[in-house]
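Chemist: Pasting a structure here, questions to come.
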Amino acid sequence: MNGKGDKGKYTSPHGSKIWEYLAIFVCTVLTLCIGILLGWNSPIVLLLLTPDSPIPVTISDISTLAVSMMFGQILAPLINIFAIDKIGRKYTLLFCGLPLVLSWCLIIVAKSVTMLYVARFFSGISLRLGLMLIPIYLDEISSKKTCGVNGALLGITFNLGILSSYIIVPYLTITTTATIFLIPSICFVVFFSFMPESPYYLAMKGKTELAEIVLEKLRGKIDVSEELRTIVESLNNEEENNQTRSGSTLKDIFMIKGNRRAFLIIFLMVICNHFSGYTTMLIYGQMIFKETSSKMSHYIANIMFGVTLLLSSVSMILIVHRLGRKPLIFVSGIIIGFCNLTIGSFFYVKDYINEDVSTYFLVPLIAFIMLVFFSNSISNLLFIMMSEIFSIEVKPLSFCIIGIANGLFGMIVSKLYILIAIYFNYGHSFPFFGFCIIVWIITFILFNLVPEVKGKTFVEIQRELHN
């Protein structure tokens, strides 16, 4: 864009949102790639543990492989908080694509488990950075008509990526799958480089004329003065509010009642999300289901989990606005607890009572599917509520802390599960019993903490939190 010379260049007499739709589509390519990253771990575990594995690994190496990605996720919020307002939304998202491409390149040439660790570390950076940045970028470029469907599209393509890994990885070599998954990653970097910067960011930097040109490009019409004025007024109001404060600090989060309550709600939801068995199933699902001695192929079972994740994302769109946040948390928490109790009991009978449980293979399968369905609902609800209940002044710092906590708890669960179940040979029952207890305790705490935000404005939600 060259300033005035580009004015009116992308407009048509009737208006066209082709650039807006293109930007949304390219972002969904990134969420697909991120889903692929997350889904890769579960099927690759069994491939690496086979006798003819091209990269010899131990069970301890497998847990460290999962932890490597979580460590990258811890670093991502720190990159985000420094880069997003310095180099812009577009270039931070472009940077997000580089570790993604690098991770698949490293896996293609990997000859040792150490190289896989490095690759998964880079993939963790892209995963968390993308999940934080894509909603921000899309919110700032989207018109009112497309804004409502963005969240649904992101959830669907993310889980479609997980399902893609579950389908493709078990049947091809590690090098071949990495090469296949490298293609959409490169496509994102190439095509997103042609996408516009956020008009909100440009206006924030005082580049109002460029912001107007970008809006014309996105909306496909010449008169965008009203939308531009709304953006500028919003920025001016934000600047006035910032002048009355010295900037958000940890004190603002933990000493102000409403902010403290909002942070505690989201923090507990993060713990619940990881200790619900959701993270464990995403990372080790195929290995765990193999241990059930089921007559069904663990590959097919894993694909069923992937389909369940996809269906959960679609149904979440319909359920959350009808049922409300608070009832959904309570119902999901109770069901997740029972699922973990059922799975734990199944493995206890199998491992400690030494009963033949092969004829009851449908019991853990149904419990696994329900666990994945309702845990994914909690995971989706977590991101929705983060934008709803944090006050504007503490959002950036709160998001950063929660992002780091998310990675930390992911690391703890990933490592702890393997240590308890396999390394110390206690079996799979005790981790699931532990998940059941933790989820039920947190569910009852959240039921008393969470305000019902259904049908309420942001101001009304904040008033209830502070009271």
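Chemist: Within the stretch 382-440, can you find the residues that are in contact (Cβ under 8 Å) with a residue 12 or more places away in the chain, more than 22 Å from the chain's Cα centre (by Cα), surrounded by 21 or more Cβ atoms within 10 Å (Cβ to Cβ) and within 21 Å of residue 293 (Cα to Cα)?
Modeler: Of everything in the stretch 382-440, those that are in contact (Cβ under 8 Å) with a residue 12 or more places away in the chain, more than 22 Å from the chain's Cα centre (by Cα), surrounded by 21 or more Cβ atoms within 10 Å (Cβ to Cβ) and within 21 Å of residue 293 (Cα to Cα) turn out to be 418, 428, 431, 432.
Chemist: Filter the stretch 360-374 down to the residues that are more than 16 Å from residue 300 (Cα to Cα) and modelled with pLDDT under 90 and list them by number.
Modeler: Matches in the stretch 360-374: 360 only.
Chemist: Out of all the residues in the stretch 140-147, is one or more of a type in the set (A, V, I, L, M, F, W, C), closer than 21 Å to residue 201 by Cβ and modelled with pLDDT under 95?
Modeler: Yes: one or more hits.
Chemist: Here is a follow-up. Given (1) among the aliphatic types (A, V, I, L, M); (2) at pLDDT below 90; (3) in contact with a Ser or Thr (Cβ under 8 Å, 6 or more places away or on another chain), where does residue 211 come up short, assuming only one miss?
Modeler: (3)
Chemist: Right, something else. Restricting attention to the stretch 139-167, which residues are more than 19 Å from the chain's Cα centre (by Cα) and under 18 Å from residue 180 (Cα atoms)?
Modeler: Answer for the stretch 139-167, where residues must be more than 19 Å from the chain's Cα centre (by Cα) and under 18 Å from residue 180 (Cα atoms): just 167.
Chemist: Can you find, within the stretch 92-112, the residue that is nearest to residue 395 (Cα to Cα) among those that are part of a helix (DSSP H, G or I) and without any contact (Cβ under 8 Å) to a residue 60 or more places away in the chain?
Modeler: 92
Chemist: Here is a further query. Select, from 319, 353, 335, 300, the only residue that is of a type in the set (A, V, I, L, M, F, W, C), surrounded by fewer than 21 Cβ atoms within 10 Å (Cβ to Cβ), without any contact (Cβ under 8 Å) to a residue 60 or more places away in the chain and not in a helix (DSSP H, G or I).
Modeler: The match here is 353.
Chemist: Take residue 324 and tell me if it is of a type outside the set (A, V, I, L, M) and surrounded by 17 or more Cβ atoms within 10 Å (Cβ to Cβ). I'd like the intermediate steps shown before the answer.
Modeler: Working: of a type outside the set (A, V, I, L, M): yes; surrounded by 17 or more Cβ atoms within 10 Å (Cβ to Cβ): no.
No; evaluated as a whole, the condition is false for this residue.
Chemist: Among the residues of the stretch 49-91, which ones are β-branched (Val, Ile, Thr) and part of a helix (DSSP H, G or I)?
Modeler: 59, 62, 64, 67, 74, 79, 81
Chemist: Considering only residues that are in a helix (DSSP H, G or I), free of Cβ contacts under 8 Å to residues at least 24 places away in the same chain and among the aliphatic types (A, V, I, L, M), which ones fall in the stretch 203-237?
Modeler: 211, 215, listed by residue number.
Chemist: Report whether or not residue 313 is part of a loop (DSSP other than H, G, I, E, B) and buried (at least 18 other Cβ atoms within 10 Å of the Cβ). Step through it out loud before you land on a result.
Modeler: Details: part of a loop (DSSP other than H, G, I, E, B): no; buried (at least 18 other Cβ atoms within 10 Å of the Cβ): yes.
For residue 313, the condition - part of a loop (DSSP other than H, G, I, E, B) and buried (at least 18 other Cβ atoms within 10 Å of the Cβ) - is not met.
The values are calculated or read from the model by the stated rules, or taken from the named source; none is laboratory data. Everything quoted here is computed from the prediction, not taken from an experiment. So basically every Cβ, Gly included, is an ideal-geometry build from the backbone, and we count neighbours across all protein chains shown.
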